[in-house]
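Structure first, commentary second.
Read-outs: derived from the displayed coordinates by stated rules, not from any lab. Since the structure is predicted, the reported quantities are computational estimates derived from the model, not experimental observations. Glycine gets a Cβ as well: all are built from the backbone with ideal geometry, and neighbour counts include every protein chain shown.
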Amino acid sequence: MRRSVVPVVALMLVCVLTACGGSGSGKKKRSRDPRPATTAGKAAPGDRDDDDVRIGTTPSPTKTPRRKVSDLTCGDLRDARVGSSTTKYRSYLNPLPLRNGRWTGNGATVLLEKPCATGDLDGDGAVDAVGSVVLDSGGSGRFWSLVVWRNVNGEPHYVTATDVGDRTPVQSIRIADQKATVVYLTRSPGAAMAELDLRRTAVHQLSGTRFAEVSHTDVPHTS
């Protein structure tokens, strides 16, 4: 009985050992990584930092440079127009084209006088101009005005005119901080027309088509 049991046990051991040997070949299987391989020197999309992605895709802001135009000079005003179809010079319906600083018509003369200044009046960075203009209508009156020309593509374009007075000569004009400081002679209330007993320093500022006086100071003047 014992002899028959031993072969059976031995046979079972052989079967067990054979089954174990078949399941392992001595070599381990390589596990495949589902992630795509990366190229040397380049990070895989999953490895890039979010900040790097934002920096790489956001365009840098750019500023549009202001187009440079030629500065106006007082000499440019000598062939400019006084008045426009929308903003008249005194009672003239049409613009008056100056020729070498002068216009004549219907017995009247318009003269561009020497006091003049250039500078930015409207804050656009271009150099504008203010000139002193006199209307001589043929009588005793000589009517002075401050005329503003805006710089449009390097050319003087009439904006407006402000009356200074009759026989009140402008002595100087200066532009700074978008304001014009004008010095001219005038008279106190009650003085004769021929008497200029005040020297006025007035500050004017452009607002649309108005070149209004902001302030002024007077000092006595003797001729």
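Remarks
- Overall, the anisotropy analysis places region 75-220 in the oblate class: the square-rooted eigenvalues a ≥ b ≥ c of its C-alpha gyration tensor yield a/c not less than 1.5, with a/b not exceeding b/c.
- FRET efficiency estimate (nearest 0.05) - Cβ-Cβ, Val69 to Ser223, R0 41 angstrom: 0.45
- Sites Asp166 and Asn100 - FRET efficiency at Förster radius 25 Å, r taken between beta-carbons, to 0.05: 0.50
- Spin-label model distance (nm) - Leu93 vs Asp197, 7 Å beyond Cα toward Cβ: 4.3
- By the beta-carbon count within 10 Å of each Cβ, the least crowded to most crowded order of Thr160, Thr209, Thr222, fewest first, is Thr222, Thr209, Thr160.
- Each part gets one Cα centre, and for region 90-143 versus region 175-223 those centres are 17 Å apart.
- Annotation: extensible slack from Gln205 through Thr109 equals 31.8 nm (criterion: 0.36 nm per residue apart, minus Cα-Cα distance).
- Ser215-Ser85 pseudo-label distance in nm [points 7 Å out on the Cα-to-Cβ vector]: 4.1
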